[in-house]
Structure formats: structure tokens, C-alpha cells
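This report refers to the structure that appears directly beneath it.
The values are calculated or read from the model by the stated rules, or taken from the named source; none is laboratory data. Computed from a predicted structure; not experimentally measured. Heads up, the Cβs are rebuilt from the backbone with ideal geometry, glycines too, and the neighbour counts pull from every protein chain shown. Side chains included, ligands, DNA and RNA excluded: accessible areas come from the protein's heavy atoms. Shrake-Rupley method; radii C 1.70, N 1.55, O 1.52, S 1.80 Å.
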Amino acid sequence: VQLQASGGGLVQAGGSLRLSCVGSRRTSSNNGVGWFRQAPGKEREFVAGISWNGASTTYPDSVKGRFTISRDRAKNTVYLQMSSLKPEDTAVYYCAVSRTSFGPTDYSQYIYWGQGTLVTVSS
């Protein structure tokens, strides 16, 4: 399974970005997907999860109301729409496929990871 994350870049505070995560044809459409981020010197942080059918989503309080995860199963693609970005959102963002049908918060539940895309939010 291969995952390709893209869409990162430099944006001003208050701006928006949309990240994409495209899976290879073998990516299971019956698995949940999550987005994580890791800033320099900090631990990996869960930012969004989505179930296999898109019906269930999960967010931590730090991004709730600002980030939206969605998926297009026909395109093997999961999106992370990020709005009202803050400098503290600056990090490398990773997408990952869960071993379950949901997108749990625990990174140990994810079995395939993309290479990451850098998001930089300037103040």
C-alpha cells in the first residue's frame, strides 16, 4: 500500500489549505484513515480521523471547527480541509490507513503511512 500526501505549503494565519492523500489501488476502502501532524521537537499529534464509509469523523479539540476530513472512495483519496489556520498548526502532516474501519486517535492503530507534507503558517 502506498499513500501520497500533498497540498502543503506556506499560508498566512487565518488562511486555508486543503491536503490530499491518495492511496494506491490496493489501499483498502474498508479501512479508516487518519491525519496526524508533527512539529519539530514535538510528539506526533492526531488531527482527524474518518471511517471507511465517511459516516464517522473524529477531531481533537485543537482543530475542531477548523479542520474537516472527507474521503472519496472512488478516487481512493482522503482530504483534510484546514481553515482559520494558526501558526501553531505548522507541522509536517501525515495521512495513514487504520487497521480498523474507523479513524482512531491512537497512532499505533495505523498500519500504512504517507511521506508527509509540510504546512507552514506565518503570523
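When region 1-122 is described by a simple charge dipole with +1 on each Lys and Arg Cβ and -1 on each Asp and Glu Cβ, the residue from Q4, V92, Q109 located farthest towards its positive end is Q4. Measuring from a point 7 Å past the Cα of Q109 along Cα-to-C-beta, which residues in region 39-73 have an amide N at less than 16 Å? Residues 45-61 qualify, since their backbone N sits under 16 Å from the label point.
Near T100, the amide H atoms lying under 5 Å from its own belong to G32; only residues 5 or more places off or on other chains count, and H is placed 1.01 Å from N. Placing +1 on the Cβ of every Lys and Arg and -1 on the Cβ of every Asp and Glu, with nothing else charged, gives region 1-118 a dipole about its Cα centre of roughly 360 debye.
In the full protein context, region 42-81 carries 53 Å² of accessible surface per residue, based on a 1.4 Å probe and ignoring ligands, DNA and RNA. Shown is the FRET efficiency for A74 and S16, computed with R0 = 25 Å from the Cβ-Cβ distance and rounded to the nearest 0.05: 0.55. When peptides 4-12, 38-46, 94-102 are ranked by their average number of other Cβ atoms within 10 Å per residue, the highest-first order is 94-102, 4-12, 38-46.
Only Lys, Arg, Asp and Glu carry charge here, each on its Cβ (+1 for the first two, -1 for the last two); on that basis region 57-123 has a dipole of about 240 debye about its Cα centre. Taking each residue as 0.36 nm, the span from K42 to S101 lengthens on full extension beyond its C-alpha to C-alpha distance by 18.4 nm.
What number, in percent, do you get for the relative contact order of region 8-123 if the mean sequence gap of Cα pairs under 8 Å and at least 6 apart is divided by its residue count? Intermediate values should be presented prior to the final figure.
Details: 282 pairs, mean separation 42.1, N = 116.
Computed over region 8-123, the figure is 36 percent.
The apolar share of the surface of region 25-66, taken as the fraction of accessible area on carbon and sulfur atoms (1.4 Å probe, ligands and nucleic acids excluded), comes to 42 percent. Placing dummy labels 7 Å off each Cα toward the beta-carbon, the span from A55 to S122 is 4.5 nm.
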